[in-house]
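Undergrad: Input: one structure, supplied below.
The values are calculated or read from the model by the stated rules, or taken from the named source; none is laboratory data. Please read all numbers here as calculations on a predicted model, not as lab measurements. Glycine gets a Cβ as well: all are built from the backbone with ideal geometry, and neighbour counts include every protein chain shown.
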Amino acid sequence: MRNTNRFAIGIVLAVSPLLGCTNAALAAPPAAPSASVKAGLSPETAALIDQSTAVYQKYKSYQHTAIYSVEQKTKEGVNKQTLKFTLALERPNKFRFASVPNTSVLAVSDGKSFYNYHGETAEYTKNPVGPTYKSINLVDDVMFQPLGTYLIALMLQGDATADKQFTPELKAMKVGPPVMEAGKKWIPLGLSAQGSTMTFYFDAAAHTLGKVVQTAGNGSFTLTETYSDVKVNQPIEASVFKFTAPDKAKMVAKFTDPNAAAEAETKALIAKYEGKPAPDFTAKDLNGKDISLSSLKGKVVVIDFWASWCGPCRAVMPSIQEIHEKYGKDVAVLAVDTWDKKDDCLNFLKENSMYTMPVLLDPAADKSATSIATSLYGVHGIPTTIIIDKDGIVRTYAIGSHEKSFYMDALKSLGIQIAAK
């Protein structure tokens, strides 16, 4: 069995040149592995996280405002959005996390009770709070959106690995070489996969988290989280930890599950169409020819509502194309471009010439409310794929992207001879 003391010392030694650890720190290693070590983080990551956690643990009070900036590059230009969140802690057990200025998310402990408000359902709960900050269940009860603020809250509580869903990402992260920015040295901790990155930047001198940068789409999407109004060990006004219920909020013993409501809505939508005659429509193909759904009666029809800007739609298109190529004799495919601009659709198809299935242009173009998809088929999210039998009855109403086997099984149930895998 490995000696836990020697293991802990080895971790600090391995990264001491990077983090600037002192000999005094090495002289008194922890008696047992830290939570980071137990969670399986790499030695370098564990040392970085543990050093930062030790700093946050010494704070008697802490406040910051998280600036959450999202930037997305599109063909039309750059879309920017900025959100703000506040975090405050006063030991032993006062706490506040909130979105501002609109408190769609609000969690407050006044030292006696813990109030948790969910704007999505306009409900809040009230429960006794324990004698320490650790009695607040940050993982399950607080709806953190900014990831860096979440990590700081966990480190203030003493365990950055408390969230078992987040820990695998920490385990996959690597400590990078120091970087200089605005005269300050930063230690990056990050990971990169499939065109996406997530990097936490720690102040090399203060050992605190300074910012988080996430990118996706090979740089077309960037999310940056920085911190302003950071206050450490300063008095916090009592009003910060006072809970005031937002307008029309109601106290409940248990939150309504918003997912359950959404699932019920989806089931009702599917039930409205499956087993019923498919609403007829007429739209023009790319050559300007009118195509009506009713003209295809006698064949199985696959209608795929999609748009050029929709990522999940693009994920489905290879399956729809394969249906057209392999089973076009018995199955009519109609890829209806909806909620989209005609030029964007045409440019997409020009750049993706492998898609040869019939494409129809929704006459409402990018006006979703009056589109064929919405007005006739109740579509509120794309892709939505409708599979109609030879008698014109809707048999499958599928929302979102699915594996190819899903569509093939649906066709097979209607008598289409699907080739063996």
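Undergrad: Within the range 160-174, can you find the residues that are over 17 Å from the mean Cα position of the chain (by Cα) and crowded, with 21+ Cβ neighbours inside 10 Å? Show your work before the answer.
TA: Kept after step one, since they are over 17 Å from the mean Cα position of the chain (by Cα), are these residues of the range 160-174: 160-162, 171-174.
Residues satisfying the conditions are A160, T161, M173.
Undergrad: Here's another thing I want to ask about it. So which residues in the range 107-126 are within 19 Å of S61 (Cα to Cα) and either buried (at least 19 other Cβ atoms within 10 Å of the Cβ) or modelled with pLDDT under 95 (or both), if there are any at all? Steps first, answer last, please.
TA: To start, the set of residues in the range 107-126 that are within 19 Å of S61 (Cα to Cα) comprises 107-114.
Residues satisfying the conditions are A107, V108, S109, F114.
Undergrad: Might you let me know whether the range 107-127 holds any residue that is under 24 Å from I67 (Cβ atoms) and of a type in the set (A, V, I, L, M, F, W, C)?
TA: For the range 107-127, residues under 24 Å from I67 (Cβ atoms) and of a type in the set (A, V, I, L, M, F, W, C): present.
Undergrad: Here is a further query. Any residue in the range 36-54 that is exposed (fewer than 15 other Cβ atoms within 10 Å of the Cβ), at pLDDT below 95 and over 30 Å from A260 (Cβ atoms)?
TA: Keep residues of the range 36-54 that are exposed (fewer than 15 other Cβ atoms within 10 Å of the Cβ), which gives 38, 40.
From what's left, at pLDDT below 95: 38, 40.
From what is left, the residues that are over 30 Å from A260 (Cβ atoms) are 38, 40.
Checked the range 36-54: at least one residue is exposed (fewer than 15 other Cβ atoms within 10 Å of the Cβ), at pLDDT below 95 and over 30 Å from A260 (Cβ atoms).
Undergrad: Would you say A332 is over 22 Å from G400 (Cβ atoms) and crowded, with 18+ Cβ neighbours inside 10 Å?
TA: Working: over 22 Å from G400 (Cβ atoms): yes; crowded, with 18+ Cβ neighbours inside 10 Å: yes.
Against the criterion (over 22 Å from G400 (Cβ atoms) and crowded, with 18+ Cβ neighbours inside 10 Å), A332 qualifies.
Undergrad: Additional query: Across the range 225-263, which residue is surrounded by the most Cβ atoms within 10 Å (Cβ to Cβ) among those that are among the charged types (D, E, K, R) and under 22 Å from P146 (Cβ atoms)?
TA: Step one: of the range 225-263, the residues among the charged types (D, E, K, R) are 225, 229, 231, 237, 242, 247-248, 250, 254, 257, 263.
Imposing the further condition that a residue be under 22 Å from P146 (Cβ atoms) reduces the set to 225, 229, 231.
Values: E225: 24, D229: 10, K231: 14.
Only one residue fits best here, namely E225.
Undergrad: Quick check on K289: is it of a type in the set (D, E, K, R) and assigned by TED's automatic domain parsing to the domain that holds S353?
TA: yes
Undergrad: A further question on this structure: Let me spell it out: the conditions are (1) surrounded by fewer than 17 Cβ atoms within 10 Å (Cβ to Cβ); (2) modelled with pLDDT under 95, and Q214 meets all of them except one. Which number is the exception?
TA: Result: Q214 fails condition (1) only.
Undergrad: Tally the residues that are farther than 30 Å from C310 by Cα and not aliphatic (A, V, I, L, M), restricting the search to the range 66-102.
TA: 10
Undergrad: Give just the number: which of (1) in contact (Cβ under 8 Å) with a residue 12 or more places away in the chain; (2) of a type outside the set (G, A, S); (3) outside any strand (DSSP E or B) does T385 not satisfy?
TA: Checking T385 against (1) in contact (Cβ under 8 Å) with a residue 12 or more places away in the chain; (2) of a type outside the set (G, A, S); (3) outside any strand (DSSP E or B), the one that fails is (3).
Undergrad: K412: surrounded by 14 or more Cβ atoms within 10 Å (Cβ to Cβ) and of a type in the set (K, R), yes or no? Explain how you work it out, then say what you get.
TA: Details: surrounded by 14 or more Cβ atoms within 10 Å (Cβ to Cβ): no; of a type in the set (K, R): yes.
Answer is no for this residue.
Undergrad: Looking at (1) under 28 Å from V100 (Cβ atoms); (2) more than 27 Å from the chain's Cα centre (by Cα), which is the only condition K289 fails?
TA: (1)
Undergrad: I've got another one for you. Can W339 be described as in contact with an Asp or Glu (Cβ under 6 Å, 6 or more places away or on another chain) and among the aromatic types (F, W, Y)? Let's see the steps before the verdict.
TA: Values: in contact with an Asp or Glu (Cβ under 6 Å, 6 or more places away or on another chain): yes; among the aromatic types (F, W, Y): yes.
Answer is yes for this residue.
Undergrad: Which one of V394, V359 is at pLDDT 95 or above, in contact with a Leu (Cβ under 7 Å, 6 or more places away or on another chain) and under 23 Å from L296 (Cα atoms)? I'd like the intermediate steps shown before the answer.
TA: Values: V394 fails: in contact with a Leu (Cβ under 7 Å, 6 or more places away or on another chain).
Result: V359 is the single residue among V394, V359 that is at pLDDT 95 or above, in contact with a Leu (Cβ under 7 Å, 6 or more places away or on another chain) and under 23 Å from L296 (Cα atoms).
Undergrad: Given the condition more than 15 Å from L89 (Cα to Cα), out of contact with any strand residue (DSSP E or B) (no Cβ under 8 Å at 6 or more places or on another chain) and in contact (Cβ under 8 Å) with a residue 12 or more places away in the chain, answer yes or no: does some residue in the range 133-148 qualify?
TA: Looking for residues that are more than 15 Å from L89 (Cα to Cα), out of contact with any strand residue (DSSP E or B) (no Cβ under 8 Å at 6 or more places or on another chain) and in contact (Cβ under 8 Å) with a residue 12 or more places away in the chain, one finds at least one in the range 133-148, hence yes.
Undergrad: Could I ask something else about it? Being part of a loop (DSSP other than H, G, I, E, B) and closer than 26 Å to T82 by Cβ is the filter here; which residues of the range 224-237 pass it? Let's see the steps before the verdict.
TA: Kept after step one, since they are part of a loop (DSSP other than H, G, I, E, B), are these residues of the range 224-237: 233-237.
Q234, I236, E237 - these are the residues of the range 224-237 that are part of a loop (DSSP other than H, G, I, E, B) and closer than 26 Å to T82 by Cβ.
Undergrad: How many of the residues in the range 33-60 are under 19 Å from T132 (Cβ atoms) and among the basic types (K, R)?
TA: Of the residues in the range 33-60, 2 are under 19 Å from T132 (Cβ atoms) and among the basic types (K, R).
Yes or no, residue by residue, for (1) among the hydroxyl-bearing types (S, T, Y); (2) in a strand (DSSP E or B); (3) under 23 Å from G148 (Cβ atoms):
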| position | (1), (2), (3) |
| --- | --- |
| Y62 | yes, yes, yes |
| V70 | no, yes, yes |
| K80 | no, yes, yes |
| A88 | no, yes, yes |
| P92 | no, no, no |
| T103 | yes, no, yes |
| A107 | no, yes, yes |
| N116 | no, yes, yes |
| K134 | no, no, yes |
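Undergrad: If the requirement is being surrounded by fewer than 14 Cβ atoms within 10 Å (Cβ to Cβ), of a type in the set (S, T, Y) and at negative phi, which of these qualifies: T374, T356, T338, T266?
TA: T356
Undergrad: May I pose another question? Of the residues G328, G275, G288, G298, only one is more than 30 Å from A420 (Cα to Cα), modelled with pLDDT of 90 or more and out of contact with any strand residue (DSSP E or B) (no Cβ under 6 Å at 6 or more places or on another chain); which?
TA: Details: G328 fails: more than 30 Å from A420 (Cα to Cα); G275 fails: more than 30 Å from A420 (Cα to Cα); G298 fails: more than 30 Å from A420 (Cα to Cα).
That would be G288, the only listed residue that is more than 30 Å from A420 (Cα to Cα), modelled with pLDDT of 90 or more and out of contact with any strand residue (DSSP E or B) (no Cβ under 6 Å at 6 or more places or on another chain).
Undergrad: Turning to a different aspect of this structure: Which of the residues belonging to the range 238-273 are more than 14 Å from A398 (Cα to Cα) and not in a loop (DSSP other than H, G, I, E, B)? Steps first, answer last, please.
TA: Within the range 238-273, the first condition is being more than 14 Å from A398 (Cα to Cα), and the residues that meet it are 238-262, 264.
Matches in the range 238-273: A238, S239, V240, F241, K250, M251, P258, N259, A260, A261, A262, A264.
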